[in-house]
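Novice: So that we are looking at the same thing, I have put the structure below in C-alpha cells.
Quick note: the coordinates plus some simple rules give every number you see, no bench work behind them. As the structure is a prediction and not an experimental result, all values here were calculated from the model. Heads up, the Cβs are rebuilt from the backbone with ideal geometry, glycines too, and the neighbour counts pull from every protein chain shown.
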Amino acid sequence: MFESLGNKLQDILERLQREKTLTDAQVKAAMREIRMALLEADVNFGVAKEFVARVSEKAVGQEVLGSLDAGQMVVKLVHDELIQTLGGESKQPTLKHEGNVVFMVGLQGAGKTTSTGKLAKFYKEKGRRVLLVAADTQRPAAREQLRTLGQQVGVPVLEVANGETPQQTKQRLQEALQKDFRDLVIVDTAGRLQIDEALMDQLADLQRELQPTETLLVVDAMTGQEALSVAKTFDERVHLSGLIITKMDGDARGGAALSARFVTGKPIYFAGTSEKLTGLEPFYPDRVAGRILG
Ligand code: GDP
C-alpha cells in the first residue's frame, strides 16, 4: 500500500511504529517532516502550511484503526488528504453533443500550444470533429506553430489576423462553422512571459465574445512556487473550469499541481508527459500524491 512513499515518510512510519494512538506531540513531529517534504516538492509555502494544519487537525486524537499502527495511520491520513486536495478521482471535461468551445490560456512557454495540439489529437481519436483556432493576434509565430500542429493531427486551423478584434474573430468563426460542421472548437489564446493587465483584458474580451464551454489553464509543472499566483490571477480574470499540468515527464515532483489545484479548486484534467503529440495523459491524483511525498 505504501510502496510509493519515499525514505522520509518511511522513517516517520518506523519511528511511530509501536504507538497505539496519535498524540499531539507525535503528530507535530511527523508534520514538520511532511511540511519539509512538501516544500522540497516545490509546493507553495502557504499551501504547505495550510495543508499540514488541515491534516494535523484530523490526526490528533485519532484512534489507530484495526490492522494499522500509528505510523501507518499518519501516513495514510497525509496520503488520503493529498489525493483529496489533488481532486480525488481522475476527471475529464464533460463535453456536450455539439457546440463545445474550449479556451486554452496560460503563460508563454507553459506548453499551451503544444497542449492544444495534443487535445485536438486526443479528441479527434474519440471521434470528435475538431477545429483549432490560433487566436494570438500579435505573434504570427504562435499561429504558425498551431498551423503545423493542425497539419500533423489532421484538423483544420482558423487563424486570426494581426490586430483582429474579438468581434471579428467571432464572426469568422461562425462563418467557418456554417461552412464546415465541427462539434469541438479549441482556441489557443495569446500568451505572455508574465501576467500583464493587457493580456488579461484581451483574454476576457475574447472569452466574452466566444462564450467557451471550458476555460483550461495550462500550467508548467517546472514553475513550482509561481504556479500559485499564475493560477490565482487567471482564475480571477477568466474563471477557469479546469487545469492541465505540463512537463510532468521532467523531474518536477508535482508541487505546482497541488498549489494550482489548491488555490483554484478546479479539476486537473490532463498531464503533459512529453513534447510529442502523444504525450497527454489523464491526471491521476493518487500517482501524483505519491510523487509529491517523494
Ligand atoms: P506556449 O508558449 O505555452 O504555447 O508553449 P509551447 O506549446 O510552445 O511549449 C513550450 C515548450 O515546452 C516547447 O518546447 C514544448 O515542446 C515544450 N513542452 C510542452 N509540453 C510539454 C510536456 O508535457 N513535456 C515536455 N517535456 N515538454 C513540453
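Novice: What net charge do the residues around Leu95 carry, taking every other residue with its C-beta under 15 Å from that of Leu95, with Lys and Arg at +1 and Asp and Glu at -1?
Specialist: Numbers: positive: Lys91, Lys96, Lys124, Lys126, Arg128, Arg129, Arg182; negative: Glu98, Glu125, Asp183, Glu214.
Summing Lys and Arg as +1 and Asp and Glu as -1 gives +3.
Novice: On average over all directions, what projected area in square nanometres does the chain have, based on the convex hull of its Cα atoms?
Specialist: Its Cα hull, projected and averaged over all orientations, spans 15.6 nm².
Novice: Sort the following peptides by mean Cβ neighbour count (other Cβ atoms within 10 Å, averaged over residues), highest first: 269-280, 175-186, 38-49, 109-120.
Specialist: 109-120, 38-49, 269-280, 175-186
Novice: What do the square roots of 5 times the Cα gyration tensor eigenvalues come to for region 143-268, in whole Å, largest first, as semi-axes of the equivalent ellipsoid?
Specialist: Semi-axes from the Cα gyration tensor: 28, 17, 13 Å.
Novice: Taking the Cα centre of the chain as origin, sum charge times position over the Cβ atoms of Lys and Arg (+1) and Asp and Glu (-1), and report the length of that vector in debye to the nearest 20.
Specialist: The dipole magnitude comes to about 420 debye.
Novice: Can you tell me how much longer the chain between Arg129 and Ala204 gets when fully stretched, taken as 0.36 nm per residue apart minus their C-alpha distance, in nm with one decimal?
Specialist: This chain segment gains 24.4 nm when fully extended.
Novice: Checking the cross-link filter: which aspartates and glutamates have an alpha carbon closer than 13 Å to that of Lys118, excluding same-chain neighbours under 8 positions apart?
Specialist: Result set, ordered by chain and number: Asp188, Glu275, Glu281.
Novice: Can you tell me the 0 to 90 degree angle between the C-alpha axis of helix 112-125 and the longest principal axis of the chain, rounded to 10?
Specialist: 80 degrees
Novice: Using amide H atoms built in the peptide plane, which far-off residues or other-chain residues are under 5 Å from Val187 H to H?
Specialist: For Val187, the qualifying residues are Val102, Phe103, Met104, Val133.
Novice: Too long at a 20 Å Cα-Cα cut-off: which of Lys76/Lys247; Lys126/Lys276; Lys96/Lys126?
Specialist: Distance filter (> 20 Å) returns Lys76/Lys247.
Novice: Restricted to Cα positions, what overall size does region 145-207 have along the principal axes? Three whole-Å values, descending.
Specialist: Dimensions of region 145-207 along the principal axes of its Cα atoms: 35, 26, 21 Å.
Novice: Please report, in Å, the Rg and the Dmax of region 200-294, where both are computed over Cα atoms only.
Specialist: When restricted to Cα atoms, region 200-294 yields Rg and Dmax of 13.5, 44 Å.
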